[in-house]
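Note sheet for the following structure.
Read the figures in this text as sums done on the coordinates, not as results from a lab. Small disclaimer: the values here were computed from a predicted structure and weren't measured. Quick reminder, even Gly has a Cβ in these numbers, built from the backbone with ideal geometry, and neighbours come from all protein chains shown.
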Amino acid sequence: MSSYRDHYGRSLEYLRVSVTDRCNFRCPYCRPETGELYDPPADHLKAAEIARVVDVSRQLGVRAVRFTGGEPLLRRDLPDVIAAVRDLGVTDLALTTNAWRLAKRTKSLWQAGLRRINISLDALSKDRFRRLSGGLDIEPTLKGIDAAIEQGFEVKTNTVVMAGENSGELLELAQFAWARGLTPRFIELMPIGAGALATHRRIDVEEILQAFDAVPEPQNEAIRYGRGPASYWYHEGNPHQKLGVIGATTRNFCASCNRARLTATGGFRPCLASNLGYEIRPLLRQGCTDQELLNGILEGMGRKPEGHRFHEGLAGQNAMRGIGG
Ligand code: SF4
């Protein structure tokens, strides 16, 4: 176990690796309607480069990796990326995806070593799904969920809750997940990137939980808080009905933050809510030593803020799809 601690005494255990800044969805809290600029594909880190960053990060304590985007399934060599990290001996490997292109790829992802998948599902209503995804149908995502379950993945659904949009559908979304043995998670809208323009749509965690008053077994819930950002609620009457909520704004968990992010182009970002970090692609492509790479990562971690300052409106300039959600 590494003894690394940042300026505020926090460890580094978890790296979120964005493998592309492209996405086939256009979620209102992530991608703006116009004015997007994409990174040139040549700037995207290759599988071996990503694995090298993970390998050196392990010296600081990283032992879990989640692959994100953009939409990571848009990257054809995703299984190669995952396998390269698995081959280092990292076994805690997870993926966050909209699942639209998942159905035909579950086998190759499983063979690469992936075992856990979080699937974004902001609506079940076909019309709402089409509107929130930027015009795509829900069926491929539903097929992707079924295929992931069939393959044996541990699956969670992620729903970003938006007032006047999907806020009336939360119970249905939870029941959809529970009926398949999955854990639904509900996320407060964060004022990051395009989400900064939609803060009036944020529904706080307390209000999200109220939406579940109608579930038959909610009396005497036991509330458990894990080490990650999600709080999980177990209904005593039915322990299989687990529910996660993530309230970055109203339940600030920065003091126990144990993660950092790697952008698709090799930006080491210690905090989702800050542009500060260290660009390590130039180091990698100039043939740096492992010590030089470690120094770059440490430099990036040294810029990790104590926490977000959402209330001061300081995170709105970040593009969520560029930093990996
Ligand atoms: S806002 Fe930054 S410090 Fe706070 S939990 Fe998120 S990544 Fe960690």
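Over region 260-312, what per residue volume does the convex hull of the Cα atoms give, in whole Å³?
Dividing the Cα hull volume of region 260-312 by its residue count gives 65 Å³.
List the aspartates and glutamates whose Cα sits under 13 Å from the Cα of Lys46, skipping any in the same chain fewer than 8 residues away.
Asp77, Asp80
Work out Dmax and Rg for region 64-198 from the C-alpha atoms and quote the Rg first, both in angstrom.
Reported Rg and Dmax, both Å: 15.0, 46.
Using unit Cβ charges (K, R positive; D, E negative) and no other charged atoms, how large, in debye to the nearest 20, is the dipole of region 231-311 about its Cα centre?
Dipole of region 231-311, to the nearest 20 debye: 220 debye.
What size of dipole, in debye to the nearest 20, comes out for region 14-323 about its Cα centre when the only charges are +1 on Lys and Arg C-beta atoms and -1 on Asp and Glu C-beta atoms? Please list the in-between numbers first.
Details: 41 positive and 36 negative charges, 140 e Å.
Charge dipole of region 14-323: 680 debye, to the nearest 20.
Can you tell me which lysines have their Cα less than 23 Å from the Cα of Lys126? Leave out same-chain residues fewer than eight positions away.
Partners found: Lys104, Lys143, Lys156.
Please list, ordered by chain and number, the residues whose modelled amide H lies under 5 Å from the amide H of Phe67; skip anything fewer than 5 residues away on the same chain.
For Phe67, whose amide H was placed from the backbone, the distant partners under 5 Å are Val17, Ala94, Leu95, Thr96.
Quick query: amide H of Glu279 versus all other amide H atoms, modeled in the peptide plane; which residues come in under 5 Å with a sequence gap of 5 or more or a different chain?
Phe268
Would you calculate the volume per residue, in Å³, of the smallest convex hull containing every Cα atom of region 14-111?
About 104 Å³ per residue, rounded to a whole number.
Suppose only helical runs count, i.e. DSSP H with n ≥ 4. What mean residue ellipticity at 222 nm does that imply for the chain under -39500 (n - 2.57) per run, divided by all residues and rounded to the nearest 500 deg cm²/dmol?
After summing the helix terms and dividing by residue count, I get -7000 deg cm²/dmol.
What three numbers, in Å, describe the spread of the alpha carbons of the chain along their principal axes, ordered from the longest?
58, 42, 41
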